[in-house]
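Report on the structure given below.
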Amino acid sequence: MSVLETKPGLEVLISQEQVRARVRELGAEISRDYEGKELLLLAVLKGAAVFLADLLREISGSVTYDFMATSSYGTDTKSSGVVRLLKDVDKGLAGRHVLIVEDIVDTGLTLSYLLEVLSQREPASLRVCTLLDKPTRRVQPVQIDYCGFTIPDRFVVGYGLDHDEQYRNLPFVGALSE
């Protein structure tokens, strides 16, 4: 039985092969841009953990990682608009090259909040890498430096993204039926 057969109401938007290829390209791009620099990947939990693991293996050079956790969805499919910091980084960011790794940029509220908070910690550089960008939902403008895929306004799951903690283990990005 295939993964799709076990998940009714799910449409594949980005296949496992497409995700793998794009993550490889992003890793090569990031490796070139940070050549000779020590890079800290800062993943936003829980959704970006899968993307981080694959991206990390595609980056050459000196790279470490840490995690932050935020919440703005709860168990709903729409953002509440209120961002809460649930877990902060373990070490200081001053003077470090920091790349925020996000699973998806939607309204821009979470990313805008993180950029504001982290820039106050005086990193040497602060940039953003997201697997998915949903620009039609943007209410807060944010700059994305590395983007895997631009997607339509659909609620997506898989490859780390969830709905009520389900679907994270899918190897592709899918859209849930309305």
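Pairs under 9 Å by beta carbon, first residue farther than 15 Å from V101 by Cα and at pLDDT 95 or above in the range 54-76, partner open to solvent by 30 Å² or more (accessible area, probe 1.4 Å) and assigned to a helix (DSSP H, G or I), six or more apart or different chains?
If the second residue must be open to solvent by 30 Å² or more (accessible area, probe 1.4 Å) and assigned to a helix (DSSP H, G or I), the pairs left are S60/A28.
Of a type outside the set (D, E) and not in a strand (DSSP E or B): is that true of I144 in this structure?
So I144 fits the description; yes.
If you check L93, L111, which single one turns out to be surrounded by 19 or more Cβ atoms within 10 Å (Cβ to Cβ) and at pLDDT 95 or above?
Going through L93, L111 in turn, just one is surrounded by 19 or more Cβ atoms within 10 Å (Cβ to Cβ) and at pLDDT 95 or above: L93.
For the range 28-50, which residues satisfy the criterion of being farther than 24 Å from G92 by Cβ, at pLDDT 95 or above and buried (at least 19 other Cβ atoms within 10 Å of the Cβ)?
Answer for the range 28-50, where residues must be farther than 24 Å from G92 by Cβ, at pLDDT 95 or above and buried (at least 19 other Cβ atoms within 10 Å of the Cβ): just V50.
Could you grab me the full set of residues in the range 114-124 that are touching a residue at least 24 places away in the same chain (Cβ under 8 Å) and either assigned to a helix (DSSP H, G or I) or open to solvent by less than 30 Å² (accessible area, probe 1.4 Å) (or both)?
L114, L115, V117, L118, P123 - these are the residues of the range 114-124 that are touching a residue at least 24 places away in the same chain (Cβ under 8 Å) and either assigned to a helix (DSSP H, G or I) or open to solvent by less than 30 Å² (accessible area, probe 1.4 Å) (or both).
When the range 90-104 is examined, which residues are found to be part of a strand (DSSP E or B) and charged (D, E, K, R)?
E102, D103
Taking Q166, is it open to solvent by 40 Å² or more (accessible area, probe 1.4 Å) and free of Cβ contacts under 8 Å to residues at least 12 places away in the same chain?
Against the criterion (open to solvent by 40 Å² or more (accessible area, probe 1.4 Å) and free of Cβ contacts under 8 Å to residues at least 12 places away in the same chain), Q166 qualifies.
The values are calculated or read from the model by the stated rules, or taken from the named source; none is laboratory data. Note that the structure is predicted; figures quoted are calculated from it, not measured. With ideal geometry, Cβ positions are generated from the backbone for all residues, glycine too; neighbour counts draw on all protein chains shown. The accessibility values were calculated without ligands, DNA or RNA, using every heavy atom of the protein model including side chains. Shrake-Rupley method; radii C 1.70, N 1.55, O 1.52, S 1.80 Å.
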